[in-house]
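Quick note: the coordinates plus some simple rules give every number you see, no bench work behind them. Computed from a predicted model, the values in this text were never measured in an experiment. Using ideal geometry, Cβ is built from the backbone for each residue, glycine included, and neighbour counts are taken over all protein chains shown.
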Amino acid sequence: MTTPTTVIRPKKIFSFSDIKEIWQYRELLYFFTWRDLKVRYKQTAIGVLWSLFQPFITMVVFSVFFGGLAQIPSNGAPYPIFVFVGLLFWQFFSGALSETSGSLIVNQAIITKVYFPRLLLPISSVITKLVDFAIASLILVGMMIYYGYAPHLIGIVLIPILLLITFMTSIGLGLFLAAINVKYRDVRYVLPFFIQMLLFVTPVIYPASIAGKYSWILAINPMTGVIQSARAALLGTAPINWLLIGLSFLAGLVLLIVGTYVFKKVERYFADII
Amino acid sequence: MSNSIIEVKNISKKYNITHERGGYIALRDVLTNIAKSPFAFLKAKTKQAIGLEKKEEFWALKNINFDVKKGEIIGIIGRNGAGKSTLLKILSQITPPTEGEITIRGRVGSLLEVGTGFHPELTGRENIFLNGAILGMTKKEIVQKFDAIVKFAGIEKFLDTPAKRYSSGMYVRLAFSVAAHMEPDILIVDEVLAVGDVEFQKKCLGKMEEVTKQEGRTIIFVSHNMAAIERLCQKTAVMDNGQLVFLGKTSEAIQHYTQNVAVNTNATNLIDRKDRKGNRNVLITEIDLENESGEKISTVRSGETLTITVAYKSKKGKEILKNCQFTVSVKSLSGKQLFVCSSELTNKQPLDMNSDGKIKCKINNLPLGKGKYVLSALIRVNKDIEDWIEDVAIFEVENGDFYGTDVYSSYWEGESVLVKHSWENN
C-alpha cells in the first residue's frame, strides 16, 4: 500500500523533495497558467492580439524616435529589427519580473486557504509571459522575412539558452521581490520605476558598443548578454561572444539561487503575514 | 506502525504581535526609522539577536495532543478565537507549527473556505476545473466527476456563464459541490456549512455522511452548528484559549462546552475578558439578568419578563457620554442569531449617559422556547463601537405560559422563538 505520509514540523529545510513536490503539483501549475492567460484576455476586445500589438507599437515608436530622429547606431542592422530583438527579450524579462513579484499578493486568498508549493505561483507567472513571448516572436519572424534575414542554425540553438538565462534572471529577482513584497508592500511602487531604470542600463534601444570601454559594466547585467547574443545570433551584428553568454548564465544562476533561498526561507510564513 | 491516521504531538503555535496597527509595514517606514535613529535601531536589533527583547507573544495553540483513527469523524468546537482555525491551518500545512510534530498518513484535502480560487471572470465549467485543481484533484479525477459535480450543484443551464453573473446561492452550491467530490483520505472542513441555504446544507451533510460511511474517510470538522456536529461526529474535541480541554463522545463534549466554555463564566469578572472589539473607551463591566421583582436569575420561563442590566464605565473621566446606543442580542447555543434588542430601534433620540452607570433592557413576554441561550452586548457612542463582547452571558429558559393558555409548546425541543398568534374560525 502506498499511503503518502506527511510529517508537519516547525521548520522545513530546503531539499530536493521540493522539486519533486513541484513535479507532483504540475497540473496545478498548468491550471494557474491557464487561468492567468484566460482571465487576461476575457475582458479585452481584441484579446490575444494585445500580445502582438504592444511590442509592435513600441517597436514603431522607438524606431521613429530613437532610430530615426536620434540616429542611435544599430551595428549595421536596420534599426526596427535591431530594437525589436531587444524588446522581445526585454518585455519577457520585465513582464515576468513584475508579474512574479506580485504573484503572492494577487493570490493571497488562495495562499491563506489551501496548501500547495508556493513556488508554483511565481513559476506560472513566468510561463504566462513566455507564452506572450512566443506570440510576439511571430512579428520577429515576419520582420526577418521582410528584411531578408535567414536565421543561422546556431541562432536557433542559442535562443532556448538565452530564454533560459532570461527565465533564471527574472524568476530569481522576482522570487526575491515576491518574498519581500509579502511583508513590505513598497515593492509594487518601487518596481515600475526600477524596471524603467533597468531599461536604460540594458542595451535594448542602443548597442552595448555605445558605452565604449565601459561596456563591461553593462555586462554585469545578465540581460545585456542575452540581448547582445540574440542580436548576434539572429542578425549577425557581431560574432557570438560565448564568454559573455557564460557570464550571463552564471549571473542568472546566482540570482536564481539567491532568490529561491530567500523565498524558501520566508515561504512557510507567508500565510501568517500576508 | 500505529493505526492512527493522524498523530498530533505537542503542537503549539506562537504569533508575535509586533505591529499593533495591523496590516503591512512599509519598507519606507523601516528605512526612515533607521535613518532617524540608527542607534536605537541597532540596540533593538542586538536585543533581538541575543533574545532580550520583550516581544508581545501570543500562543494561539498550546500543547495540543490527539490521535485520529482511520474512518473517524472528529468534531472541533470552541468559542471564536479558541484556536480551532489555527489548528486546521496547521493540519492542512498552510502555516507551520512553532513546536511539535504531526504525522499524517494519507492524502489530505482541506476545505477552509468554499470556492477558494474561484474567479468571477471564468465560467462555471472553467471554475470547476480550476477550483478542483486547487483543492488537489487531478485533471483526470475532475473530468470523471464533472457531470456529478454539475448535477449536485444543479447549475446545468449556467455552465458556460461567467461566475460573476451567478447568484450567491448558485456560487456557493457550485463551490461546495466541487469540494464534496474531493476524495482525499482525510478531509479537513472549517465552518463552510454556515453559508448557503438550509436545504443545500442538509444535502451536503448527507453527502459527507454517505461518503464517510461507504469509503471510510476520516474527517475533521469544525463548526458552530451543534446539530451538525451531533449528527456527523462520534467524537468531538473542545478547545478553549488555545488548549484542548476535552476530547470524547460528542454528547459529552457538547455538554462540557455548554457548561464550561460557551460562556466564560469562570472568569466571573467581565472586566477581565480580553475578547472585546471596539475602541474600548467605554467598557461593559457587568451583565445581569433579573426577573420582574428585580432578583438576579439565570433561569427564566417562557412568557415571563426578563430584564437585562448592562453596567458600563467610561475610561475618560466624568464626561457625559453623548449619543449612546446599547444593544444586546440573543442567539442559540448553536450560534444562530435569534433576535436583537437595541436602543437604536426603540428610542428615537439617542441616549446621553453618565460616565459610569447601568442601563436596563426589559423584554416583556420572553418569546423563547425551552433551552439555553447566549447573550452578546454592544455599546456605541457616536456610532462608533466602543465595546462589543460576544457570548457575554448564558441563560436558560424553562417552559412557561407564553400563550396565556396554560399550554406549553411541546412541538419543538431545543432553542426556538415563540410567536403570539391567533386562529380564527370563519
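Observations, loosely collected:
- For the range A:95-111 and the range A:132-174, distance of Cα centres in Å: 25
- Neighbourhood net charge (12 Å Cβ-Cβ; Lys/Arg +1, Asp/Glu -1) for residue B:238: +2
- Looking at chain B, the pairs of alpha carbons with a distance over 39 Å make up 36% of the total.
- Here's the picture: charge each Lys and Arg Cβ at +1 and each Asp and Glu Cβ at -1 in the protein assembly as shown, and of B:158, B:299, A:47 the one pushed furthest to the positive end of that dipole is A:47.
- Convex hull of the protein assembly as shown built on C-alpha atoms - directionally averaged projected area, nm²: 42.8
- A simple spin-label model places the labels of residue B:364 and residue B:57 5.7 nm from each other, with each point 7 Å out along Cα-to-Cβ.
- Scaled radius of gyration (Cα, divided by 2.2 N^0.38 Å) that the range B:297-378 gives: 1.22
- Under-5 Å amide H pairs with residue B:110, H placed in peptide plane, nonlocal only: B:188
- Mean sequence separation of contacting Cα pairs (under 8 Å, at least six apart), scaled by the length of the range A:47-273, corresponds to a relative contact order of 29 percent.
- Two-site FRET efficiency, residue B:275 against residue B:215, from Cβ-Cβ distance with R₀ of 41 Å, rounded to 0.05: 0.55
- Percent antiparallel among DSSP beta bridges (both partners in chain B, rounded to 5): 75
- For the pair the range A:22-92 / the range B:56-130, the C-alpha centres are spaced 41 Å from each other.
- Computed about the Cα centre, the dipole magnitude for chain B is approximately 1540 debye when only Lys and Arg (+1) and Asp and Glu (-1) carry charge, each at its Cβ.
- Gap separating the Cα centres of the range B:271-345 and the range B:346-409, nearest whole Å: 6
- 3J(HN,Hα) along the range B:150-155, derived from phi through the Karplus expression 6.51 cos²θ - 1.76 cosθ + 1.60 where θ = phi - 60°, amounts to 4, 5, 4, 7, x, 10 Hz, with x in place of Gly and Pro.
- Loop-exposed GluC sites (Glu not before Pro) per DSSP, neighbour cap 13 Cβ within 10 angstrom, longest uninterrupted part of chain B: B:57-291
- Computed about the Cα centre, the dipole magnitude for the protein assembly as shown is approximately 1880 debye when only Lys and Arg (+1) and Asp and Glu (-1) carry charge, each at its Cβ.
- Here the sum of -39500 (n - 2.57) over DSSP H runs of 4 or more residues, divided by the residues of chain A, equals -23500 deg cm²/dmol at 222 nm, to the nearest 500.
- Exposure rule at most 10 other beta-carbon atoms within 10 Å, DSSP loop trypsin sites (Lys or Arg not before Pro): chain B longest free segment: B:55-273
- By DSSP, the beta bridges lying fully in the protein assembly as shown are antiparallel in about 75 percent of cases.
- The range A:47-273, Cα convex hull volume normalised per residue, Å³: 125
- Proxy reagent accessibility, fewest Cβ within 10 Å first, across A:34, A:23, B:423, A:50: B:423, A:23, A:50, A:34
- Each Lys and Arg adds +1 at its Cβ and each Asp and Glu adds -1 at its Cβ; summed about the Cα centre, chain A shows a dipole of about 680 debye.
- Simple rule: put +1 on each Lys or Arg Cβ and -1 on each Asp or Glu Cβ in the protein assembly as shown, find the dipole, and look at A:193, B:130, B:351; the Cα lying farthest toward the positive end is A:193.
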